[in-house]
Amino acid sequence: MNADLRGNPTQISIQNPSLFNSIPETSLAGALKGCLGSLDGACIEKLLLHCASALESKDATLAQQVMWVLNNVASLVGDPNQRLTSWFLSALISRASRDCPMPEISFNGRNSIQRRLMTVTELAGYVDLIPWHRFGFCVSNSAILKAIEGYSRVHIIDFSITYCMQWPTLVDALAKRHEGPPLLRITVPSYRPPVPPLLNVSTEEVGMRLANFAKFKNVPFEFNVIVDSSSNTPCEMISKESHSFHLESLLSQFNPSMLKLRDDEALVMNCQNWLRYLPDEAECSTIRETSLRDAFLDLVKDLNPRIVVVVDEDADLGTASLTSRMATCFNYLWIPFDALETSLPKDSSQRMEYEADIGYKIENIIGFEGFQRIERLESGSKLSQRMMKAGFLSIPFDEETLGEVRSLLDEHASGWGMKKEDEMLVLTWKGHNSVYATAWVPNSFEDN
């Protein structure tokens, strides 16, 4: 998708149009031709790509020139293009401070929002703002319910970043099951990637609250935590440099004995916005010469799960090229900025905090490399190829699942939609892919 095709065609007036006259005859001047004192999404994208290219070639002068122009566009309380530009500019400045030392820029859009720990109630509101997370919850829960029909024991191993917010809805559905609720076990890792959102209670406290809700619904329930023996450091304090080590340590304990698997239970693997944090390159692995992502899928397959659900954002952001990541990231992450414009005022603190979390992602994608770049998304189509290569078969989503998703989207702005694409169910915004959901089973699955 090109930037000029986006849903928000707003042109932004330059605060200081004389900048155009003072720019030397360089490739930057060529990029600005046709902008005529204002910048739309296509012009902003060109500038960002020029800046990324300059940083890759260590051209500090050109990079600084582009940043000065972008700085006249950026605003954290402007329209979606201006707000998005602010976070890209922040990421570029962060990268430039390490790669191409230059005079400090007084950044108009510099973020003053501090990352903070949310309460459980705030987190619930956070995932309800737009259907970015709820879509995955809805599709996954519907597929899981179908897969575990007839089982009296169910064990879900949950790899996600939203602190079990998915499960109250499933517990409620299980309580209404015609044959009665099963014994439900949920196992989660003690370690999660050090990314937003961040919660102000421990994993164990989350489990206790979920257990209380299950008790209220008369659903037999157990909650277990896979302890990462390498560290007791809270996730919000874990450095990006140690991220891969913690994942490898965690997965080394990923076996039937540690998971306390039982022959008479339906095993469910749930991966929500998780696989992207498993390094797919040897440079980001401390002890492996192969992809940790593929190694994880091999471990999952060996456990013979009844269903494997994988949900993530539908974009390719793992390439080594900065300019390529910049283009893809800009043409993808406009979606949540544009969607939030339809539901919250420009000065909403809730909106600004949500956008700040997206800004954190942008800074990691654009500002870092190697171990420190932990945001390594791959598209749904590439994930599907990876799953099939690893020995999994796709499970189609039925009409009941589609109906539940439609009901969910009816609660949100009209720009949200859904489509089936090969093995995937895809959440769209104004026709553009945003989040994909897939369901799988090992091709050698044996129903015990």
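The values are calculated or read from the model by the stated rules, or taken from the named source; none is laboratory data. Computed from a prediction, not measured in an experiment: that's the story for all the values here. Cβ sites come from the backbone with ideal geometry, for glycine too, and all protein chains shown count toward neighbours. Please note that ligands, DNA and RNA were not included when accessible areas were found on the heavy atoms of the full protein model with its side chains. Shrake-Rupley method; radii C 1.70, N 1.55, O 1.52, S 1.80 Å.
The Cα trace of segment 161-208 gives Rg and Dmax of 13.2, 40 Å, the first to one decimal, the second as a whole number. Solvent-accessible surface of segment 296-342, averaged per residue with a 1.4 angstrom probe and all protein chains in place: 24 square angstrom. Over segment 111-162, what percent of the accessible surface lies on carbon and sulfur atoms, probe 1.4 Å? So the carbon and sulfur contribution to the accessible surface is 51 percent.
Residues of segment 310-326 with backbone nitrogen within less than 15 Å of a virtual label 7 Å along the Cα-to-Cβ line of ASP99, please, listed as ranges. Taking a point 7 Å out along Cα→Cβ of ASP99, the residues of segment 310-326 whose backbone N falls under 15 Å are 318-326.
A simple packing score, the average count of other Cβ atoms within 10 Å per residue, orders the peptides 399-408, 429-438 as 429-438, 399-408, with the highest score first. The simple Förster model, with R0 at 25 Å and r as the Cβ-Cβ distance, assigns ASN224 and THR169 a FRET efficiency of 0.75.
Taking 18 Å as the limit for the C-alpha separation, the pairs LYS176/LYS260; LYS146/LYS176; LYS361/LYS420; LYS176/LYS217 exceed it in the case of LYS176/LYS260; LYS361/LYS420. Hey, if you drop one equal point scatterer on each alpha-carbon of segment 366-429 and run the Debye formula without solvent, what base-10 log of I(q)/I(0) do you get at q = 0.19 Å⁻¹? Log10 of I(q)/I(0), two decimals: -0.87. Rg and Dmax of segment 188-229, based on Cα coordinates, read 12.0, 34 Å.
Remark: spin-label model distance ASP347-LEU299 equals 4.9 nm, labels positioned 7 Å along the Cα→Cβ axis.
Both radii come from the Cα set of segment 324-397: Rg as radius of gyration, Rh as Kirkwood radius; their ratio Rg/Rh reads 1.09. For LEU199, the residues whose modelled amide H falls within less than 5 Å of its own, excluding neighbours fewer than 5 places apart on the same chain, are MET118. Using 0.36 nm per residue and subtracting the Cα-Cα separation, the extra length available between VAL77 and THR119 on full extension is 12.6 nm.
Scanning residues 5 or more positions from PHE392 or on other chains, those with amide H under 5 Å from its amide H are ASN443, with H placed 1.01 Å from N in the peptide plane. Scattering from the C-alpha atoms of segment 254-383 alone, worked out with Debye: what is log10 I(q)/I(0) at q = 0.14, 0.18, 0.20 1/Å? Summing over Cα pairs of segment 254-383 leads to -0.77, -1.05, -1.17. Using heavy atoms of the protein chains and a probe of 1.4 Å, the accessible area assigned to THR342 is about 80 Å². Listed values for segment 205-210 are Karplus-derived 3J(HN,Hα) couplings in whole Hz (6.51 cos²θ - 1.76 cosθ + 1.60, θ = phi - 60°), namely 5, 4, x, 5, 5, 5, and x replaces Gly and Pro.
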